[in-house]
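The values are calculated or read from the model by the stated rules, or taken from the named source; none is laboratory data. Quick caveat, the model's predicted, so the values are computed rather than measured. Here the Cβ positions follow ideal geometry from the backbone for every residue, glycine too, while neighbour counts run over all protein chains shown. All accessible areas refer to the heavy atoms of the entire protein, side chains included, with ligands and DNA or RNA removed. Shrake-Rupley method; radii C 1.70, N 1.55, O 1.52, S 1.80 Å.
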Amino acid sequence: MRLLTTHVIQRWLYFLVVTFITIGIVHLLSPQQAAWYLCATFILLLLYIDDLYHHRLRLIGATTLFSCLSLLLLAYLPISLAIFYLILLPIILIPISFIKPAWRISIYAILLFSILSYLSPLMLPVEMKLSLLCLPAIILIVCQLIILFSNRRENRQLRHVLYRLKLLNSDIFATYIHQHYADNLYLYERRIHIQKRRFLEALELYRSNTGITHIIESIEKLYDTMLDYAQLRFRNTDASLFEVANREMQALNTAINHSLSAMMKQARFQPHQISLHSLKVAISDMETVFQGVIQVTAREPLLFILFIDSLKRFDENLADLIVILFADEGARV
Amino acid sequence: MKQWLAFFRTNEPIIMIAIRAAVAMALSFLVTYYVLALPTALAVITAMFASIVTTGTPFRQGLLVTITCTSAIALVYILSFAANIMAYYLAVCLITMCVYVLITYFEVLYNHAVYLLFVFYFLFVMTAFKVDLINVQTFTNALYAVFAGGVIGMTTTKFLLPIRQTKSFTAGLIPVIDMQVDIATKINAYLSQYTNDDEALKNIKAQQQTMLMMLTAENSTYPDWVFEVGFNPGLRSGYRYILLRIERLSEIYASLMSLPIMHITVEHWEKLTPAIKTVMSKNIELLQALSNRLAGNKIVSSGDYDADITQLNAEFKEFAPSDLQLLDLHPGYIALASIVQDVKDMRNVLLQLMIAALNN
């Protein structure tokens, strides 16, 4: 959890500015108008799809537009048709919210505004409700344009991809380092599954927004190699071997995370020397433990040979990615 | 017409959720308006949220929604003692800020936090023009309405249009397994050729990406709901066992795709390829049998799943150095050893899955 990155600070600034503007406006309205306005503002405030301004603009705009259309329909339809419409609306919208989870809050907002408009005792003319729905949308769009319009989204998304890869690596090595992995198998595997999902979502976002194929292919190679060295957690059934190499596993985890963190910093255009030396040392230490102890004691030493080989390939793939990313920066490996 | 039928069949769970929500909303409106004379909008909204639940723990989620909505009413009632509209504004801002923190930093609590927020806003709207009244009757009615809506929502998911977990589980797994059959077939063809066919590799990678998205995406039918807290303990361990092994298979494919096959010499490749191909073919046969079993069809299999592994081990021992330390003399040795280990792991996992599927 990263508490205060630049992007998070921008989001908080956006929230505070909108809140202050809203409190200022509600003092000018009657309690009924203020209630409706406040409701609309804070629900639309929660709509956030991704880093692209035009995506967010489309989402807020579409939510407001469909909500307004729904309100107009309910205001002018006869009662029986209005009830039929209120029953039909969730049948149409809820499947869409499951097929497109990013639109879920928008869809719930449209349903909520429709139900509030028709069934609540709050009596406001429909024109007033429409204005009180459109006004916060305009304010939010303008505030986003001023505060949340980012022009470094490619780098931020690349850093996010590398961050997710780092978290996945930590959860994989947790199965080697923590002694109660075997007793809590589903918990650890669930965590790995969630990290995989978040990594794939971040990579998909990066792919759709940038389409830089050689970087994406290189990151996919890293991911595949990571899953290759993660196979040891299933193949090796003797937990004592992990205890023997516990310190080396921790060193490997730290070294890989350190390398990925260094690449994240480099992605912010901060010249930084990225060294994979610590990873090479950690792999070498692992080889020493293998040759000294594991080779003799393990029932299937081949599994650890394959593990060490996949770590070496990971090291090579990392070096390749560094070259691709920072060829112009003159980063030294 | 056929396309529509196929669409409905594939998305049946989602369409059923929508129908349940609509039925719950209609019922709650009828009951609260005509029978109980309670605030209808509250009941309808609560019934809607209590019926839009995932397959794993429908009752628990419905109960959580009802408790969340009841807490929101209690909060509004407490605030009404302030008899000042500013108290409401401040409370709304604070709650929004809390939800904003949850959305910005945590993803797990997103839905529950939003339910609380929505209901609180709704109550605020409902009571805003009576904010200076401390009316016990108003809030008691609101409590009853929420309770009625929640009960109707939960009843709809449990009894009226019940969620069938077993059917949803198998229906969610079959597309993934079919995709894995496809990927395994293409990998088998790719490994058999010993040509650095970039186009074939890209094709396999694209399909692998699709499969990974099926396993992990929020909008897929993959039965991820098995891992929800409170899932049926009777079904939990068996279903989790199967899901972990399905995911293990996807990792094995990733492992196979990561190997530097270009380092393997032609002679070694030609020696081992027939044995590897035989093992992979039987693995594909097992995958197809698994898919048939989950679909409720008859399993057709050759029955012998040991001899080919034994043959593969024997052929690998023939060409690999006797001392394992000499494996890294040539990168091709380790690459081949990895392929052999991966296909053997795949066989183990598939046999475990078949035993689990046959016992269910």
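Taking A:T213 as the residue in question, decide whether it is over 22 Å from A:V289 (Cα atoms) and of a type outside the set (A, V, I, L, M, F, W, C). Taking the combined requirement at face value, the residue satisfies it. Quick check, is A:E217 within 27 Å of B:Q208 (Cα to Cα) and not in a loop (DSSP other than H, G, I, E, B)? Considered against the rule, which asks whether it is within 27 Å of B:Q208 (Cα to Cα) and not in a loop (DSSP other than H, G, I, E, B), A:E217 comes out as yes. If you go through segment A:227-266, how many residues are away from chain B (no Cβ under 14 Å) and part of a helix (DSSP H, G or I)? Result for segment A:227-266: 27.
Collect the residues in segment B:28-81 that are small (G, A, S), away from chain A (no Cβ under 11 Å) and either over 21 Å from the mean Cα position of the chain (by Cα) or open to solvent by 10 Å² or more (accessible area, probe 1.4 Å) (or both), keeping them in residue-number order. Across segment B:28-81, the qualifying residues are B:A37, B:S71, B:A72, B:A74, B:S80. Apart from one condition, A:H27 fits all of (1) touching a Leu at 6+ places or on another chain (Cβ under 8 Å); (2) within 11 Å of chain B (Cβ to nearest Cβ); (3) not aromatic (F, W, Y); the exception is (1). Suppose we keep only residues that are more than 16 Å from B:T40 (Cα to Cα) and open to solvent by 60 Å² or more (accessible area, probe 1.4 Å) within segment A:81-90. Which one would you say is nearest to the other protein chains (Cβ to nearest Cβ)? Across segment A:81-90, the extreme among qualifying residues is A:L88. The set of residues in segment A:91-102 being modelled with pLDDT of 85 or more, more than 7 Å from every other protein chain (Cβ to nearest Cβ) and out of contact with any Phe, Trp or Tyr (no Cβ under 9 Å at 6 or more places or on another chain) consists of A:I92 alone. Hey, any hits in segment A:203-226 for a residue that's closer than 28 Å to B:R240 by Cβ, of a type in the set (S, T, Y) and within 14 Å of chain B (Cβ to nearest Cβ)? Among the residues of segment A:203-226, at least one is closer than 28 Å to B:R240 by Cβ, of a type in the set (S, T, Y) and within 14 Å of chain B (Cβ to nearest Cβ), which makes the answer yes. Can you tell which of A:I215, A:I192, A:I219 is without any contact (Cβ under 8 Å) to a residue 40 or more places away in the chain and either open to solvent by less than 20 Å² (accessible area, probe 1.4 Å) or more than 18 Å from A:N317 (Cα to Cα) (or both)? Within the list A:I215, A:I192, A:I219, the selection yields A:I192.
B:G238 passes every criterion in (1) crowded, with 16+ Cβ neighbours inside 10 Å; (2) more than 22 Å from A:I219 (Cβ to Cβ) apart from (1). Taking the listed residues A:A75, A:A62, A:A35, the one that is within 23 Å of B:I45 (Cβ to Cβ), open to solvent by less than 10 Å² (accessible area, probe 1.4 Å), touching a residue at least 24 places away in the same chain (Cβ under 8 Å) and of a type outside the set (K, R) is A:A35, with no other qualifying. Residue-level check: of (1) modelled with pLDDT of 85 or more; (2) within 19 Å of B:L350 (Cβ to Cβ); (3) open to solvent by less than 50 Å² (accessible area, probe 1.4 Å), B:L191 misses just (1).
Scanning segment A:111-144 for residues that are more than 25 Å from the chain's Cα centre (by Cα), within 14 Å of chain B (Cβ to nearest Cβ) and surrounded by 15 or more Cβ atoms within 10 Å (Cβ to Cβ) yields a count of 17. Scan segment B:159-172 for residues that are touching a residue at least 24 places away in the same chain (Cβ under 8 Å) and either assigned to a loop (DSSP other than H, G, I, E, B) or under 18 Å from B:A43 (Cβ atoms) (or both) and the total you get is 3. Considering B:F169, B:F231, the condition of being surrounded by 16 or more Cβ atoms within 10 Å (Cβ to Cβ), touching a Ser or Thr at 6+ places or on another chain (Cβ under 6 Å), of a type in the set (A, V, I, L, M, F, W, C) and under 28 Å from B:T54 (Cα atoms) is satisfied by B:F231 alone.
Restricting the first member to segment A:249-268 and to residues that are touching a residue at least 40 places away in the same chain (Cβ under 8 Å), and the second to residues that are basic (K, R), the beta-carbon pairs closer than 7 Å and six or more apart or on different chains are A:N257/A:K166; A:L260/A:K166; A:S261/A:K166; A:M264/A:R159; A:A267/A:R159; A:R268/A:R159. If the condition is being of a type in the set (A, V, I, L, M, F, W, C) and more than 9 Å from chain A (Cβ to nearest Cβ), then segment B:223-242 contributes B:W225, B:V226, B:V229, B:F231, B:L235, B:I242.
When the residues of segment B:243-254 are filtered to those that are at the interface with chain A (Cβ under 8 Å from one of its Cβ atoms) and either within 14 Å of the chain's Cα centre (by Cα) or modelled with pLDDT of 90 or more (or both), the one that is farthest from B:D342 (Cα to Cα) is B:L244. Do we find a residue being open to solvent by 50 Å² or more (accessible area, probe 1.4 Å) and facing chain B (nearest Cβ under 10 Å) anywhere in segment A:163-181? No, segment A:163-181 contains no residue that is open to solvent by 50 Å² or more (accessible area, probe 1.4 Å) and facing chain B (nearest Cβ under 10 Å).
Among the residues of segment A:276-287, is any under 20 Å from A:Q195 (Cα atoms), touching a Leu at 6+ places or on another chain (Cβ under 9 Å) and more than 9 Å from every other protein chain (Cβ to nearest Cβ)? Looking through segment A:276-287, none of the residues is under 20 Å from A:Q195 (Cα atoms), touching a Leu at 6+ places or on another chain (Cβ under 9 Å) and more than 9 Å from every other protein chain (Cβ to nearest Cβ).
Would a scan of segment B:251-260 turn up a residue that is open to solvent by 10 Å² or more (accessible area, probe 1.4 Å) and of a type in the set (D, E)? Among the residues of segment B:251-260, not one is open to solvent by 10 Å² or more (accessible area, probe 1.4 Å) and of a type in the set (D, E), which makes the answer no.
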